[in-house]
Structure formats: C-alpha cells, structure tokens
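A short worksheet on the structure shown next.
The values are calculated or read from the model by the stated rules, or taken from the named source; none is laboratory data. Bear in mind the structure is a predicted one, so any value in this text is a computation, not a measurement. For neighbour counting, all protein chains shown are included, and Cβ atoms are generated from backbone atoms with ideal geometry for every residue, glycine included.
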Amino acid sequence: MTNNEVSFVESIVNHRAHVSKTQDYIAENFNICSEFAEDENTLYLWTTNVNESLQMLAAKEYIENEIGSDKIQIVYGKK
C-alpha cells in the first residue's frame with residue numbers, strides 16, 4: 001500500500017474519533033455547538049449568539065481543513 005492509501009484507510013477507520021475531536025475544538029475555540037449525525041455523515045453547527053456569524057464561518061473552514069469537505073457534510077442549524 002502507498003502512503004496515500006494508508007492515510008485514506010486510516011481516515012475512514014478513525015472518522016468518528018476525528019469528528020469528535022474536531023467538535024471539541026470548535027466548541028472551545030469558536031464557541032460553536034455541534035451535533036454529528038453519523039448515519040447521515042452530517043455535522044450540524046449552531047450558536048446561541050446571533051453575533052457569532054464570523055465564528056461559524058471560521059469553524060466551518062476549520063472543519064473543512066481538518067476533515068475535508070469531501071468527507072463530511074456541514075449544515076448550519078440544529079438537526
């Protein structure tokens with residue numbers, strides 16, 4: 001197996017743990033709440049502060065960089 005193939009397999013096997021770690025990070029650093037619907041592979045993002053739109057955008061960008069927009073769907077609002 002090539003390094004790319006190994007990385008791809010690891011990302012699939014560790015996907016749930018990676019999402020959970022990312023959720024903790026965005027909660028602490030961006031003050032953004034989230035819920036992961038594993039059956040839909042969707043991460044729902046929301047905040048109780050209406051002035052946090054830039055934080056929401058920053059959190060979404062962080063998730064896309066950490067997990068990849070091709071590996072998870074990001075939705076604004078509660079499930």
Given the conditions (1) more than 9 Å from the chain's Cα centre (by Cα); (2) surrounded by fewer than 16 Cβ atoms within 10 Å (Cβ to Cβ), every one holds for Gln73 apart from (1)
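For Asn31, indicate whether it is at positive phi and at pLDDT below 95. Lay out the reasoning, then the answer.
Details: at positive phi: yes; at pLDDT below 95: yes.
Yes; evaluated as a whole, the condition is true for this residue.
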Hey, could you check the stretch 38-67 for residues that are within 16 Å of Asn14 (Cα to Cα) and in contact (Cβ under 8 Å) with a residue 40 or more places away in the chain and say which is surrounded by the fewest Cβ atoms within 10 Å (Cβ to Cβ)? Glu66
Residues in the stretch 12-19: is at least one more than 18 Å from Val75 (Cβ to Cβ), surrounded by fewer than 14 Cβ atoms within 10 Å (Cβ to Cβ), β-branched (Val, Ile, Thr) and free of Cβ contacts under 8 Å to residues at least 40 places away in the same chain? yes
